[in-house]
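The values are calculated or read from the model by the stated rules, or taken from the named source; none is laboratory data. Values in this document were obtained by computation on a predicted structure and should not be read as measured data. Note that we place each Cβ from the backbone using ideal geometry, even for glycine, and neighbour counts take in every protein chain shown. The area values use the complete protein model at the heavy-atom level, side chains included, leaving out ligands, DNA and RNA. Shrake-Rupley method; radii C 1.70, N 1.55, O 1.52, S 1.80 Å.
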Amino acid sequence: MRYAVLVTGPAGAGKSTFCNSLITHLHTSKRTGHLVNLDPAANSDAFEYEPAIDIRDLISLDDVMNELDYGPNGGLVYCFEYLQQNMDWLEEELGGYEDEYLIFDCPGQIELYTHHPFLPTLVKQLQRLGLRTCATYLVESQFMEDKYKFFSGVLSAMSAMVNLEVPWINVMSKMDLVTTSTNDPASGRNGVRAKRDIARYLEPDPLLLVSAPGSHDEKTERNSKFHALNRAIVQLIEDHPLVSFLPLDLTDPDSIETVLSHLDYTMQYGEDEEPKEPHDLDEGDFADME
């Protein structure tokens, strides 16, 4: 059984770094993982591991922009349309992998996940080929600095979940840049948060959008033309609590293992595998047992 993990999320969320760290962790655990690059604009320097399959071998964004005079966004859409027309290339590339983790590093253009049909079509193709598929959506911890930015991330994650229709893990990345101590000069670039405060972001608390009663912010928001919209968003998140986040600190192996164990669980990793016979059964005292 083959397994596919689509690593998605906005630009700068740490997708490529997460892919590299996840493959390293798999190798450390004596498991096999391969990188599949689906970003036609990727910089080779970002890869710690050489991609086993690379969309740039089929088409690259630079070629599209130079030959067709497209801009970056239009060029990226063209690249994925071209991939859709050449799915036999991807099927052939995937043919040599069995019983392994394939980690798909996806582009950072958010519209590819929220309303374009490209990735849902890719997911259906992977499932048709017999790959158990799930997705992760990374939102970086910097979003906790601004509650409105944070909830835009929550809503984009919810939209991507509904669009792709696969088992899903949301990840709050770069948690090593958040600190609970004001005396920590080495980290905390993404803000100081109490542990209880961080929990409100990992299990999105709609009341984060609501300022304290009687405060200046609360009075300003009540008179704002966006007050009704904020209330509607709060109600939506309360009625459909689909999004929660796993904290990811790439400096902590236990944090990576926690994310990996959730991925394994969503795809039922290893449940269909047959027990492997130890090599030493063919030798020495065990040779007569066959």
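The numbered conditions (1) at pLDDT below 90; (2) open to solvent by 10 Å² or more (accessible area, probe 1.4 Å); (3) under 13 Å from the mean Cα position of the chain (by Cα) are all true for Gly95 except (3). Listed by first and then second residue, the pairs linking a residue in the range 155-169 that is modelled with pLDDT of 90 or more to a residue that is buried (at least 19 other Cβ atoms within 10 Å of the Cβ) and among the small types (Gly, Ala, Ser), with Cβ atoms under 7 Å apart and 6 or more places separating them unless they lie on different chains, are Leu164/Ala135; Val166/Ala135; Trp168/Ala135. Among the residues of the range 259-270, those identified as more than 16 Å from the chain's Cα centre (by Cα) and open to solvent by 40 Å² or more (accessible area, probe 1.4 Å) are Gln268, Tyr269. Is it fair to say Arg2 is of a type in the set (D, E, K, R) and either open to solvent by less than 30 Å² (accessible area, probe 1.4 Å) or in contact with a Gly (Cβ under 8 Å, 6 or more places away or on another chain) (or both)? Yes: the conditions hold for Arg2.
Residue-wise test of (1) open to solvent by 30 Å² or more (accessible area, probe 1.4 Å); (2) out of contact with any helix residue (DSSP H, G or I) (no Cβ under 9 Å at 6 or more places or on another chain); (3) at pLDDT 90 or above; (4) not small (Gly, Ala, Ser).
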position	(1), (2), (3), (4)
Thr17	yes, no, yes, yes
Thr24	yes, no, yes, yes
Leu38	no, no, yes, yes
Asp45	yes, yes, no, yes
Ile55	no, no, yes, yes
Val64	no, no, yes, yes
Asp69	yes, yes, yes, yes
Gly74	yes, no, yes, no
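Yes/no matrix, rows are residues, columns are (1) among the basic types (Lys, Arg); (2) part of a helix (DSSP H, G or I); (3) within 26 Å of Gly12 (Cβ to Cβ):
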site: Glu67; (1), (2), (3): no, yes, no
site: Tyr70; (1), (2), (3): no, no, yes
site: Gly75; (1), (2), (3): no, yes, yes
site: Tyr78; (1), (2), (3): no, yes, yes
site: His116; (1), (2), (3): no, no, yes
site: Val139; (1), (2), (3): no, no, yes
site: Phe143; (1), (2), (3): no, yes, yes
site: Ala157; (1), (2), (3): no, yes, yes
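Against the criterion of being farther than 18 Å from Leu209 by Cβ and open to solvent by less than 40 Å² (accessible area, probe 1.4 Å), Val154 does not qualify. The condition of being among the hydrophobic types (A, V, I, L, M, F, W, C) and closer than 23 Å to Tyr78 by Cβ holds for only one of Leu155, Leu122, Leu131, Leu102, that being Leu122.
Tyr113 meets the conditions (1) modelled with pLDDT under 95; (2) open to solvent by less than 40 Å² (accessible area, probe 1.4 Å); (3) out of contact with any Ser or Thr (no Cβ under 6 Å at 6 or more places or on another chain) in every case but one. The failed one is (3). Listed by first and then second residue, the pairs linking a residue in the range 99-115 that is free of Cβ contacts under 8 Å to residues at least 12 places away in the same chain to a residue that is part of a loop (DSSP other than H, G, I, E, B) and open to solvent by less than 30 Å² (accessible area, probe 1.4 Å), with Cβ atoms under 8 Å apart and 6 or more places separating them unless they lie on different chains, form an empty list. There is at least one residue in the range 239-258 that is in a loop (DSSP other than H, G, I, E, B), under 35 Å from the mean Cα position of the chain (by Cα), under 30 Å from Ser173 (Cβ atoms) and modelled with pLDDT under 80.
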